[in-house]
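The values are calculated or read from the model by the stated rules, or taken from the named source; none is laboratory data. Computed from a predicted structure; not experimentally measured. Cβ placement follows ideal geometry from the backbone for every residue including glycine, while neighbour counts extend to all protein chains displayed.
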Amino acid sequence: MEASAAPPRHRLGRSSLMVSPIAFGGNVFGWTADESRSFELLDAFVAAGFNFIDTADAYSRWIPGNSGGESETIIGRWLKARGPAMRERVVIATKVGLEMAPGEKGLSRDYIHRAVDRSLQRLQTDYIDLYQSHRDDPDTPLPETALAFDQLVRAGKVRAVGASNFSAGRLAEALQVSDSLGLVRYESLQPLYNLYQRQEFEGDLASLCASEGLGVIPYFALAAGFLTGKYRTEADLAKSPRGRLAKNMLDARGLGILAGLDAVAASLSASPAQVALAWLLARGATAPIASATTVAQLHEILGAATLKLDPSMLAALDRASG
């Protein structure tokens, strides 16, 4: 895919951020993609006309020997190597809230201010485009978190804020608090949402995002690789470090979804991964997050941005995953 074929940008909520319809998931940087491969992937992503890169301070703390910050650090080194013009071309989203060290977690004012400075240092940038609450923090009053984010935006360290892993009730309350106090509000939600895992988002959360004009950035958009069709038997799970995450999807419903994806993909001369991402876009997602560890994989998933599913295809996929 050449840069001239780049898809149009989508506005993220009510913010000024204009993002590509596919976001690159930076959880692989420093995990299944080393620094050299990460640079290659990021270069190819931007060359194809896309601009939205999602990461988190905690990526990839779950790997033995890692302490968190590895993904942000690699992105920062890439930005520095490519120069100031590259920073202006991309939209960088990161997150705060997961534990980074004993006592270093949550959404308190003091912790957010410490964490954002650390992320800025790792990313080697003066500002973060989208700063997200990685998950709800019931121990911190919502006004305190909202004020902290408002201060970051006013200071120019952050352009917009978003939420991830919030319930509909808590997200609605957070929006009400921000509005009542005249503070910046969440402009997006990053939910767990894909063709296999629909129940957490569809319903109250989806309705709230639509009524409040929030951008929707689904994570695990390919269900940890399951929706690519890579895992069809127990033996296939050993193909990737992420294979264990797909084990529970190898049930009758999961295999039915793969059959539905295969049928639609064959009719469009597309891949199951492209169809799975195109389904999310057709369902109103602003920018599904997908990862790749090779340039070939990357170009495949980016093809979803221009893939159109007709009503009969959408109905078939809904039946398979219902």
*Only one of (1) assigned to a loop (DSSP other than H, G, I, E, B); (2) more than 19 Å from the chain's Cα centre (by Cα) is not met by Ser180, so which one is it?*
(1)
*Residues being buried (at least 22 other Cβ atoms within 10 Å of the Cβ) and in a helix (DSSP H, G or I): count how many of those fall in segment 120-147.*
3
*For Pro241, all conditions in the list (1) modelled with pLDDT of 95 or more; (2) on the phi < 0 side of the Ramachandran plot hold save one; what is the number of the exception?*
(1)
_Unique residue being among the small types (Gly, Ala, Ser) and part of a loop (DSSP other than H, G, I, E, B) when the list is Gly156, Gly162, Gly169_ = Gly156
_Residues being touching a helix residue (DSSP H, G or I) at 6+ places or on another chain (Cβ under 9 Å) and either part of a helix (DSSP H, G or I) or surrounded by 23 or more Cβ atoms within 10 Å (Cβ to Cβ) (or both) - total across segment 96-119_ = 11
*Count of segment 238-253 residues which are without any contact (Cβ under 8 Å) to a residue 12 or more places away in the chain and either assigned to a helix (DSSP H, G or I) or of a type in the set (S, T, N, Q) (or both)*: 5
*Under the condition of being crowded, with 18+ Cβ neighbours inside 10 Å and either without any contact (Cβ under 8 Å) to a residue 60 or more places away in the chain or part of a strand (DSSP E or B) (or both), which residue from segment 11-25 is farthest from the chain's Cα centre (by Cα)?*
Val19
*Residues that are of a type in the set (A, V, I, L, M, F, W, C), in a helix (DSSP H, G or I) and surrounded by 14 or more Cβ atoms within 10 Å (Cβ to Cβ), drawn from segment 48-85*: Ile74, Ile75, Trp78, Leu79
*Which of the residues that make up segment 26-81 are in contact with a helix residue (DSSP H, G or I) (Cβ under 7 Å, 6 or more places away or on another chain) and free of Cβ contacts under 8 Å to residues at least 12 places away in the same chain?*
none
*Just checking, which of Thr233, Thr228 is surrounded by fewer than 17 Cβ atoms within 10 Å (Cβ to Cβ), among the hydroxyl-bearing types (Ser, Thr, Tyr) and either at pLDDT 90 or above or farther than 26 Å from Phe166 by Cβ (or both)?*
Thr233
_Residue under question is Gly49, and the condition is that it be touching an Asp or Glu at 6+ places or on another chain (Cβ under 6 Å) and over 15 Å from Gln124 (Cα atoms); does it hold?_
no
*Which is more than 19 Å from the chain's Cα centre (by Cα) and in contact (Cβ under 8 Å) with a residue 60 or more places away in the chain, of Gly229, Gly203, Gly256, Gly215?*
Gly256
*For segment 263-273, does any single residue satisfy the condition of being crowded, with 22+ Cβ neighbours inside 10 Å, in a loop (DSSP other than H, G, I, E, B) and of a type in the set (A, V, I, L, M)?*
no
